[in-house]
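Taking it in order: structure first as structure tokens, then the write-up.
Rule-based calculations on the coordinates, nothing more; no lab input. For clarity, every value in this text was computed on a predicted model and none was experimentally measured. Please note: Cβ atoms are built from the backbone with ideal geometry, for glycine as well, and neighbour counts cover all protein chains shown.
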């Protein structure tokens, strides 16, 4: 069993570069289905979720070539299957992103119910309702979603009940070949949506308004392969910003657009943290105690749920009491119980967390409950007394490339170790 060990109390500072955005790369990989031929994606993070999506595409008939550590060449000209494998899709919810492209190209798709982090129900009802409006028929059988468009896809207006990123992406990709115009009202506005629209337009699609609440997709004919660079990962950048805020010494984070972390950085400044913005970089530092603030997670441009755990870790050592309201995923507070093992004072009340700042944290053995919670536990270990051992680090590997190595480059005493299996005695 692999674990991450953190020895707290050492100075952490310097420069770090982030990879391409996980949440963008996965959807761009799915979008290659729409353009038969070889599309090249650069700035792709070398992480577990990307490997899973690559296997999904291979199962569909694509040829996925690793050109170098961060470049993929995906040839979808021989894709001849529209059924995704259960064993892969259940490992990662983003695999459902192939539904839209498969429907657009073949008029049908079979996709297993999604998996991934255990942080909420993650209903795909909005995907289904939106695609039904375009003429898709659905049948759920033994855990698989069978989708077909017997009369083709026809553009219409789709009103999303919630600004769902996944539903917006699936609708955009399904609509690129639909007859007429598709309008998505209350569309998600995340930077990753804009990255997807940009690549689709480079391929010859006609997607307008990405980044706003109303997106229009004008149906077109065939798309062509392109070469596209994945946008920088704002959540990885935000994680290192939170680390800089916690340890206090300056950390410069490069390779992303600071405006993609707009509200996060403003909230950190309200805590008394210094944020210097530059060209695709920021420098975060602190020379006074962390101040308490209240936050609530919301779709972009609101405070991202993917930065909630890291910020809770920060507020756990603030002066005063903060309230965190989680509006996106109902199980995202599982991280709090692990942080409590390290001495934090957190009380969960429904979808609110009351965080009372403490003077110190103590190293402990903790278990990563999900991707961002795991990274936040490693972060807490940097300032905790003694040794922190983080288990279930496969969650962290899903979204952070060389996380331990990057922390070590900043001066942290962090290592990736293997623990012996515990023998089970026969009774």
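Report the extension gain between residue 55 and residue 1 in nm, rounded to one decimal, defined as 0.36 nm multiplied by the number of residues separating them, less their alpha carbon distance. The partial results should precede the final answer.
Working: separation 54, 0.36 × 54 = 19.44 nm, distance 2.41 nm.
Here the segment from residue 55 to residue 1 would lengthen by 17.0 nm.
Who wins for biggest fluctuation among 255, 143, 373 in a Gaussian network model of the chain, springs between alpha carbons below 10 Å? Of 255, 143, 373, the Gaussian network model singles out 143 as fluctuating most. Note on the chain: helix-only mean residue ellipticity at 222 nm, from DSSP H runs of 4+ residues weighted -39500 (n - 2.57) and normalised by residue number, equals -8500 deg cm²/dmol.
When all alpha-carbon pairs of the range 171-236 are counted, what percent fall beyond 15 Å? Walk me through the numbers before you get to the answer.
Details: 1065 of 2145 pairs.
In whole percent, the long-distance tail amounts to 50.
For the chain, the longest principal axis of the alpha carbon atoms and the long axis of helix 165-175 meet at an angle near 20°. Of [x] 81, 63, 44; [y] 64, 56, 42; [z] 65, 54, 50, which one was derived for Cα extents along the principal axes in Å from the structure shown? Derived directly from the coordinates: [y]. Over the chain, what relative contact order in percent results from Cα pairs under 8 Å that are six or more residues apart? It comes to 20 percent, rounded to a whole number. Would you mind checking the tilt of helix 22-31 against the longest principal axis of the Cα atoms of the chain, expressed as 0 to 90 degrees and rounded to 10? For 22-31 against the chain, the angle is about 10 degrees.
Label positions at residue 157 and residue 352, each projected 7 Å from the Cα along the C-beta direction, are separated by 3.7 nm.
Which value in nm describes the separation of the simple spin-label points at residue 413 and residue 385, placed 7 Å from the Cα toward the beta carbon? So the two model labels end up 1.5 nm from each other. Fewest neighbouring Cβ atoms within 10 Å first, the residues 254, 288 line up as 288, 254. What whole-number value in cubic angstrom gives the convex hull volume per residue for the C-alpha atoms of the range 310-418? Per-residue hull volume (Cα only) is 96 Å³.
Debye calculation, C-alpha points only, no solvent: report log10 I(q)/I(0) for the range 330-386 at q = 0.14, 0.16, 0.17, 0.21 Å⁻¹, in the same order as the q values. Scattering profile of the range 330-386, log10 relative to I(0): -0.34, -0.45, -0.51, -0.77. Distance between the C-alpha centres of the range 29-72 and the range 208-276: 22 Å, rounded to the whole angstrom. Report the residues of the range 146-164 in range of a label on residue 140: point 7 Å along Cα→C-beta, backbone N strictly under 18 Å from it. Counting backbone N atoms under 18 Å from the label point, the list is 146-148, 161-162. Calculated FRET efficiency, residue 402 to residue 340, Cβ-Cβ distance, R0 = 30 Å: about 0.55 to the nearest 0.05. Two numbers describe the Cα atoms of the range 1-151: Rg and Dmax, which are 17.7, 64 Å.
If packing is taken as the average number of other Cβ atoms within 10 Å across a peptide's residues, how do 144-152, 28-36, 186-194 rank, most packed first?
Ranked by mean Cβ neighbours within 10 Å, highest first: 28-36, 186-194, 144-152.
If you average the C-alpha positions of the range 284-322 and of the range 394-417 separately, how far apart do those two centres end up, in angstrom? The range 284-322 and the range 394-417 have Cα centres spaced 22 Å from each other.
Largest first, the three principal axis extents of the alpha carbons in the range 187-309 are 58, 28, 21 Å in whole numbers.
Per the Debye calculation on the range 207-262 with a single equal scatterer at every Cα and no solvent contribution, log₁₀ I(q)/I(0) for q = 0.17, 0.29 Å⁻¹ amounts to -0.76, -1.15. Residues of the range 66-90 falling in the label zone of residue 106, defined by backbone nitrogen less than 12 Å from a point 7 Å along Cα to beta-carbon, are 78-85.
Between residue 185 and residue 87, full extension at 0.36 nm per residue minus the direct alpha carbon distance yields a gain of 31.9 nm. For the range 368-385 versus the range 183-206, the inter-centroid distance based on Cα atoms is 33 Å.
Enter the per residue convex hull volume of the range 21-87, computed from alpha-carbon coordinates, in Å³ rounded to the nearest integer.
Cα convex hull per residue, to the nearest whole number: 73 Å³.
DSSP beta bridges fully contained in the chain are about 75 percent antiparallel.
In this simple spin-label approximation, residue 42 and residue 80 carry label points 7 Å from Cα along the Cα→Cβ vector, and these lie 3.4 nm apart. Comparing 272, 350, 130 in a Gaussian network model of the chain (Cα springs below 10 Å), the most mobile by mean-square fluctuation is 350.
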